[in-house]
Amino acid sequence: MNGFFVIDKPAGVTSHDIVFKVRRAINQKKVGHTGTLDPFATGVLPVAVGEGTKAIQFLDESEKEYRAVMRLGIATDTQDLTGQVLSERDWSQLEAADLKRLVPQFLGLQKQMPPMFSAIKQGGVPLYKLARKGIEVEREAREVEIHSLSFDWIRLPEACFTVTCSRGTYVRTLACDIGEALGCGAHLLELRRTRSGLFREKDAISIEALAEAVNQEGLLLPLDRALDHLRRLELSEAGGRKVQNGVVPSAADFAGATGEFQQGEQVRLYQGERFAAVAEYDMLKGLRLARVFN
């Protein structure tokens, strides 16, 4: 099997646990996940199988969407319900309008400080390993972008919001920052990813459903469909043979005009209906094969 399963990750397991479970469910070794989810989080976890593992680097997961429930008045060291309480502050003076009024402040490009409980490495060591030893180190704020933010419901001291954001955004930190802006602190009670690039919640299946499915391959998103954001170019029969042998096609090897290439542009190459490769254009070196698929 080659392609992607959109797994609905349950709470309480790691993304690596899901890879192991998929491997066992489909009896196939070549499996890998994209876009790690925290153990307490649920929702969309794209899992590549077979040749799909080669396509992970070409995915467009630049935009993600989450639904989260935050609790005001309590801040934790992990910024979620799994952590130790750092502070408890009064939230009783707040109203729903106070939360809604903050939304514009958190939209657009902004700097976000990665939490200590994260997989970001410093000196080759993941920050969460240092945090578990009680060690806190200096981190550099990272630029993230919040495309949209809205509250689904507000029942103080709890509130549910949906956020669409750039890759690398920590929703835990967003909730924590909202809590600090309100002067009472906050942490997440629930976090669910509803979209990662073109992988969506409506297409997600449970591990149990995958394991029990009679036609598991029918649940796969074909690997070239996962790369729909890349322009498609057709190869001649001779061009297809060249690519299969790792040879860069010339202009004559395409079944039609290719048009202009942009610097760094990646394109999908096909011979008929067979997805053959991803190629990348360099204005100095021309087109090169970034990855050939079997």
Taking Thr76, Thr36 and ranking on accessible area (1.4 Å, protein atoms only), highest first, one gets Thr36, Thr76
Put Leu109, Leu189 in order of accessible area, largest first, probe 1.4 Å, and you get Leu109, Leu189
Taking r as the C-beta separation of Arg101 and Thr14 and R0 as 25 Å, the FRET efficiency to the nearest 0.05 is 0.10
Placing each pseudo-label 7 Å from Cα in the direction of the beta carbon, Arg89 and Ser62 end up separated by a distance in nanometres of 3.6
To the nearest 10 degrees, the tilt of helix 15-26 (Cα long axis) against the first principal axis of the alpha carbons of the chain is 50
Extension length gain for Ala257 and Ala238 (0.36 nm per residue less Cα distance), in nm, is 5.3 nm
Candidates Val163, Val214, Val13; GNM for the chain (alpha-carbon contacts under 10 Å) flags as most fluctuating Val214
Between the residues Ile178, Gly83, Val248, the Cα farthest towards the positive end of the dipole of the chain, that dipole coming from +1 and -1 charges on the beta-carbon of Lys, Arg, Asp and Glu, is from Val248
Residue span Ser148 to Gln28: 0.36 nm per residue of separation minus Cα-Cα distance leaves a gain in nm of 39.3 nm
A chain fully extended from Ala213 to Arg155 at 0.36 nm per residue, minus the present Cα-Cα distance, gains in nm 16.9 nm
If exposed means GluC sites (Glu not before Pro) lying in a DSSP loop and surrounded by at most 13 other beta carbons within 10 Å, then the longest stretch of the chain lacking such sites spans residues 141-259
Share of Cα-Cα pairs in segment 159-294 beyond 27 Å, whole percent, is 48
Taking protein heavy atoms only, a 1.4 Å probe, and rounding to whole percent, the accessible area of the chain owed to carbon and sulfur comes out at 48
With every protein chain kept in place and a 1.4 Å probe, the chain has an accessible area per residue in Å² of 50
Under the 7 Å Cα-to-Cβ spin-label approximation, Leu284 and Glu140 lie apart by a distance in nanometres of 2.4
Cα extents of the chain per principal axis, largest first, Å, are 72, 46, 39
Amide H contacts under 5 Å for Thr78, restricted to residues at least 5 apart in sequence or on another chain and with H modeled in the peptide plane, are Gly83, Gln84
Reported to the nearest 10 Å², Arg241 has, with a 1.4 Å probe, an accessible area equal to 130
Toy charge model, Lys and Arg Cβ at +1, Asp and Glu Cβ at -1: the chain dipole around Cα centroid in debye, rounded to 20, equals 780
To the nearest 10 degrees, the tilt of helix 171-182 (Cα long axis) against the first principal axis of the alpha carbons of the chain is 30
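The values are calculated or read from the model by the stated rules, or taken from the named source; none is laboratory data. All of these numbers come straight from a predicted model, not from anything done at the bench. Ideal geometry is used to build each Cβ from the backbone, glycine not excepted, and the neighbour counts take in all protein chains shown. Keep in mind that these areas ignore ligands, DNA and RNA; they rest on the heavy atoms of the full protein, side chains included. Shrake-Rupley method; radii C 1.70, N 1.55, O 1.52, S 1.80 Å.
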